[in-house]
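Okay, so here's the structure we're looking at.
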């Protein structure tokens, strides 16, 4: 009898890859339509709920508490485990790497505090939760993330627009690999703590590393150019998203990577896609 995974946000970047990975592993995938679906009803019989909902930054304060409360209620009623894609926003700019399961959450900016509160709500609710914490995304489609929208859209013209210090290490996750990790952790759910905070190490690359590798992949020199943050500052009075981009700017100049030990201890047989292959797939749609 097949196991069932309910996917919230099945057409988004994370939900799409999660649906593909669970289906490939033999799970019955149940996509949830937020506009018309009844969450508690559709969660019945699901062993796992992949919560890939992610409102725009500008809606986090208004939407995150209610959205995640609904997911927790549905999971508790269905006795399901929630798999929650985590990020590194909870860590402040003064936090030394590597960032791991026990690293204090010291972010003081609004988006960071919103994520801290959201994660704490899962701990307090008693919902069985696997939080798989990852860095910025590399996708196989142009899905509007930092890499394909800002950094690499002109890579085939030999330009890489980098938003921070190009010598500073930054953590990345290739979405097909992250989704496969979710499936593996779903298999391990009965053996995990009620709230399992697991860093996904992915790749650690500086801007210079990206330019060097993309030069080799494309066969022509890719040169780094600084991102024009001054344009975002000018847009701030009339563009609500601008202030949120600015508040997260520190992650591009704060050295960080995710501790590989907790994930490797749980999933020693997991192998990421080779980095050059992942980058090649990520620039192909561009």
Among bridges DSSP assigns within the chain, what percent are antiparallel (round to 5)?
-> 10
For helix 13-24, report the angle its Cα long axis makes with the longest principal axis of the Cα atoms of the chain; keep it between 0 and 90° and round to the nearest 10°.
-> 50
For the range 4-283, alpha-carbon Rg over 2.2 N^0.38 Å = 0.99
Summing -39500 (n - 2.57) over every DSSP H run of at least 4 in the chain, dividing by its residue total and rounding to the nearest 500, the 222 nm mean residue ellipticity is -11500 deg cm²/dmol
Kindly put 270, 17 in sequence by how many other C-beta atoms sit within 10 Å of each C-beta, fewest to most.
-> 270, 17
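Every number here is computed from the coordinates shown, using simple stated rules; none is lab data. Please read these numbers as outputs of a predicted model, since none were measured by experiment. Don't worry about glycine lacking a Cβ; one is built from the backbone with ideal geometry, like all the others, and counts go over all protein chains shown.
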